[in-house]
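Below is one structure; the comments refer to it alone.
Where a number appears in this text, it was derived from the coordinates with a stated rule and is not lab data. Just so it is clear, the structure is predicted and the values come from calculations on it, not from any experiment. Counting neighbours? That spans all protein chains shown, and the Cβs are built from the backbone with ideal geometry, glycine included.
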Amino acid sequence: QVQVVESGGGLVQPGGSLRLSCAASGISLNRYIMGWYRQAPGKQREMVATITSSGGTNHADSVKGRFTISRDNAKNTVYLQMNSLKPEDTAVYYCKARWLTEFWGQGTQVTVSS
């Protein structure tokens, strides 16, 4: 059974940092394109960052220079380092693994508020 599980969310003040983790079981992530997506209340889900199996990355303009996606294939885990967080980053963050098919995690809440 495949599971993709996000962790690391929480409440943080504006300007703070969080690191999200996405761990998988039942699949080996090294062939998968991995992505972080987020959905704020009342808004559509949007892409935050993606990373290919060879390590090529793409970040949404809204997070460039603040967020960094990375992967550790040995640990079967993908990360999203989020710095200089803003209130508009508040959302549920989801991890997606895509290769021949795709798997989504359940999401982790990130709240940026003073």
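What tally of residues in segment 49-74 results from selecting those that are over 16 Å from residue 87 (Cβ atoms) and within 13 Å of the chain's Cα centre (by Cα)?
Step one: of segment 49-74, the residues over 16 Å from residue 87 (Cβ atoms) are 49-61, 64-65, 68-74.
Those left that are additionally within 13 Å of the chain's Cα centre (by Cα): 49-51, 57-60, 68-71.
Counting residues in segment 49-74 that are over 16 Å from residue 87 (Cβ atoms) and within 13 Å of the chain's Cα centre (by Cα) gives 11.
May I ask you to say which residue of 23, 60 is touching a residue at least 40 places away in the same chain (Cβ under 8 Å), surrounded by 12 or more Cβ atoms within 10 Å (Cβ to Cβ) and not basic (Lys, Arg)?
Values: 60 fails: touching a residue at least 40 places away in the same chain (Cβ under 8 Å).
Within the list 23, 60, the selection yields 23.
Within segment 37-48, take every residue that is part of a strand (DSSP E or B) and out of contact with any Gly (no Cβ under 7 Å at 6 or more places or on another chain) and give me the one that is surrounded by the fewest Cβ atoms within 10 Å (Cβ to Cβ). It would help to see each step written out before you state the result.
Step one: list which residues in segment 37-48 are part of a strand (DSSP E or B), which gives 37-39, 46-48.
Remaining after also requiring out of contact with any Gly (no Cβ under 7 Å at 6 or more places or on another chain): 37-39, 46, 48.
On the way: 37: 20, 38: 23, 39: 14, 46: 12, 48: 23.
Top of the filtered list is 46.
Identify all residues within segment 64-102 that are of a type outside the set (S, T, N, Q), surrounded by fewer than 17 Cβ atoms within 10 Å (Cβ to Cβ) and not in a loop (DSSP other than H, G, I, E, B); write none if there are none.
Just the residues of segment 64-102 that are of a type outside the set (S, T, N, Q), to begin with: 64-67, 69, 71-72, 74-75, 78-80, 82, 85-89, 91-100, 102.
In the following step, the residues that additionally are surrounded by fewer than 17 Cβ atoms within 10 Å (Cβ to Cβ) were identified as 64-66, 72, 74-75, 86-88, 98-100, 102.
Of everything in segment 64-102, those that are of a type outside the set (S, T, N, Q), surrounded by fewer than 17 Cβ atoms within 10 Å (Cβ to Cβ) and not in a loop (DSSP other than H, G, I, E, B) turn out to be 72, 74, 75, 87, 88, 98, 102.
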